[in-house]
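Here the structure is laid out as structure tokens; the discussion comes afterwards.
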Amino acid sequence: MLITRIEKDGLMGRKTGNALATPIAGALGADVRGIDLSEPLSDDVWAALETAFLDHKVLAIRDQTLDPATFLAFSKRWGDVHFYPYMDGLPEEPEVFEILAKPDAQRIFGNRWHSDQMYDPTPVKVTLLYAKDLPPVGGDTLFSNLELAYEHLSDGMKTMLSGLKIYCDGADKSRYGGMSREQWYAKGGMAEKLNAPEQEPVIGIHPLIRTHPETGRKCLYIGDQVQRFDGMSAEDSKPLLDYLMKHIERPEFTCRVQWEPGTLVLWDNRCTCHYAIADYAGHTRRMHRVTIAGDVPV
Ligand code: SIN
């Protein structure tokens, strides 16, 4: 199967990297070492970081020691904070919230391929996730490059998909085995962070082929928060959605970030999907997260 794909597509890969960022896979993702985010960054370093972010889409900045206030201050350099609609933040920094998996957690937050808050009319631009407590092994995060996924569709498929819109409903219970988000989060041990029940769920309807507002590159904007195509039933949408979801999971489009103590990862939700791996039963994993507001997808 892989041979056939290589014959069809050619070998994938890239050869970029700048002084700051070292690629971790052929498809996307880079490690950044040697900077201290608790200190002000020079204009040169900041510019290199921004370039690396657009080039690599996922940056794992290693060896940081950040309290919530410092983490938030760095996060805000990427834009305005986008509040996560379903949870409260930390008491000391409400714009930072905690992703927690306790040793007996029965579900893991983010354990499905998605871009953050696709169900919002203006989905998240950047997510920043900082490791607080890690399991001894496991708990990695996978990322997929949705631009590569788009580029490796046939021309006929690209034409067929070009007018489609995705319909995403943040309150859709079918994604949670019929449970509410509240029940679902509680299974992971995160109930204490729930927002007020009157918090409005939101619906996003977006182009399936999305153009990046900064690079102009097209991507296949899809994830498990898509219920159906706009104007089509869920039943009619399912075969094509299933095909596209399988397509974005191709290993050649992905990278795997292995967390280390002090790692902060930021990713571009406008052209990537991610998946938190649930392989550390019996251990705690605790992360701090900030999400940055994006714009209306076009
Ligand atoms: C997320 O989906 O935002 C969380 C990813 C992770 O915990 O690795």
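The values are calculated or read from the model by the stated rules, or taken from the named source; none is laboratory data. Owing to the predicted nature of the structure, the values given are computational and were not obtained by experimental measurement. Every residue, glycine as well, gets a Cβ built from its backbone with ideal geometry; the counts of neighbours run over all protein chains shown. We work out accessible area using only protein heavy atoms, side chains counted, and drop any ligands, DNA or RNA first. Shrake-Rupley method; radii C 1.70, N 1.55, O 1.52, S 1.80 Å.
Can you tell me the length gained on complete extension of the stretch E249 to D36, counting 0.36 nm per residue apart and subtracting the Cα distance?
Result: 73.4 nm gained on full extension.
What is the distance in Å between the Cα centroid of the range 85-135 and that of the range 56-73?
Their Cα centres are 15 Å away from one another.
With a sphere of radius 12 Å drawn around the Cβ of T127, what net charge do the other residues whose Cβ falls strictly inside it have (Lys, Arg +1; Asp, Glu -1)?
+2
In nm, give the distance between the simple-model label positions of L153 and D63, each being 7 Å from the Cα along the Cα-to-Cβ direction.
With each label point 7 Å from Cα toward Cβ, the separation is 4.2 nm.
Quickly work out the E92-to-Q106 label distance, labels modelled 7 Å from Cα along the C-beta direction, and quote it in nm with one decimal.
If labels sit at Q106 and E92, their model points lie 3.3 nm apart.
Can you flag which of K76/K125; K165/K238; K76/K102; K76/K218; K165/K218 are past 19 Å Cα-Cα?
With Cα atoms farther than 19 Å apart: K76/K102; K76/K218.
Taking R0 as 41 Å, what FRET efficiency do you get between A73 and L164 from their Cβ-Cβ distance, rounded to the nearest 0.05?
In this case the efficiency is close to 0.55.
From the protein chains alone at 1.4 Å, what is the descending order of accessible area for T65, T284, T22, largest first?
T65, T22, T284
Would you rank V126, V81, V298 by solvent-accessible area, highest first, keeping every protein chain in place and using a 1.4 Å probe?
V298, V81, V126
To the nearest 10 Å², what's H114's accessible area with a 1.4 Å probe?
Using a 1.4 Å probe on the heavy atoms, I get roughly 10 Å².
Determine the sum of side-chain charges near V81: Lys and Arg each +1, Asp and Glu each -1, restricted to other residues whose C-beta is under 12 angstrom from that of V81.
Once positives and negatives cancel, what remains is +1.
What is the sum of charges, Lys and Arg at +1 and Asp and Glu at -1, for the other residues whose Cβ falls under 15 Å from the Cβ of L66?
Charge balance near L66 sits at -4.
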